[in-house]
Amino acid sequence: MNYLAIVIAAVAAWLFGAGWYMALGKPWMAALGTTPEKMEELRRRPGAFLPFVYAFVAELVMAWILAGLLGHIGALTVRGGIISAAFCWLGFVMPTMAVNNIFAGRDARLLLIDGGHWLLVLMGAIIGGMGM
C-alpha cells in the first residue's frame, strides 16, 4: 500500500471537513438544536480537542480501507478512485447514517450535512491518483 497516499488522503479529508463545518456551522447547529454559546461552553471543557483527534483517526482508517479496496478491485486511477469512493459512500456511509438518524429522531438536515462531510471522493481521487 502507498502509505503516503493514505496519510495525504486522510489529511485532505480532515481539512475538507474543517472547511465543510465552518461553512455549514450555523445550519448544523440549528439542526442539532444547539447554539454558538453552548458550543463555546463545550470548547472550554477538558478534552474538547478529542473529537478532532477521533475524526482524524477515522479519516486514516477510512483512507486505509479505501486504499485496500481500490487496490483489490484495480481502480487505481483518479476516475476509478472517485467512482469507487462514491459507491462506498452511497452504499455504506449514507444508509448507515440514515438509519441511525431516523431511529434517533434527528433532524434530516443533519444527515445531509454530516453525510456530505463523509463523502469519500476526495480520498478516492488522491489514493486512486497516487496508486498503490
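The values are calculated or read from the model by the stated rules, or taken from the named source; none is laboratory data. Predicted model, so just to flag it, every value in this text is computed and none were measured. Because the Cβ atoms are built from the backbone with ideal geometry, glycine has one as well, and the counts that use them run over all protein chains shown. What goes into the accessible areas is simple: the full protein's heavy atoms, side chains included, and nothing from ligands, DNA or RNA. Shrake-Rupley method; radii C 1.70, N 1.55, O 1.52, S 1.80 Å.
Check region 32-39 and report whether any residue there is within 30 Å of C88 (Cα to Cα) and either out of contact with any Cys (no Cβ under 6 Å at 6 or more places or on another chain) or not polar (S, T, N, Q) (or both). Yes, some residue in region 32-39 is within 30 Å of C88 (Cα to Cα) and either out of contact with any Cys (no Cβ under 6 Å at 6 or more places or on another chain) or not polar (S, T, N, Q) (or both).
Would you say A10 is among the small types (G, A, S), assigned to a helix (DSSP H, G or I) and more than 30 Å from M132 (Cβ to Cβ)?
no
For the residues G74, G80, the requirement of being more than 15 Å from the chain's Cα centre (by Cα), crowded, with 17+ Cβ neighbours inside 10 Å and of a type in the set (G, A, S) singles out G80. Counting the residues of region 95-132 that are of a type in the set (A, V, I, L, M, F, W, C), open to solvent by less than 50 Å² (accessible area, probe 1.4 Å) and without any contact (Cβ under 8 Å) to a residue 24 or more places away in the chain gives 3.
Results for (1) under 16 Å from M62 (Cα atoms); (2) among the aliphatic types (A, V, I, L, M), shown as yes or no for each residue.
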{"residue": "A86", "(1), (2)": "yes, yes"}
{"residue": "G91", "(1), (2)": "yes, no"}
{"residue": "L112", "(1), (2)": "no, yes"}
{"residue": "G115", "(1), (2)": "yes, no"}
{"residue": "L122", "(1), (2)": "yes, yes"}
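The helices (runs of 4 or more DSSP H) found wholly in region 27-121 and carrying at least 1 residues that are within 17 Å of I6 (Cα to Cα) and either at pLDDT 95 or above or of a type in the set (S, T, Y) (or both) occupy 50-73, 78-88.
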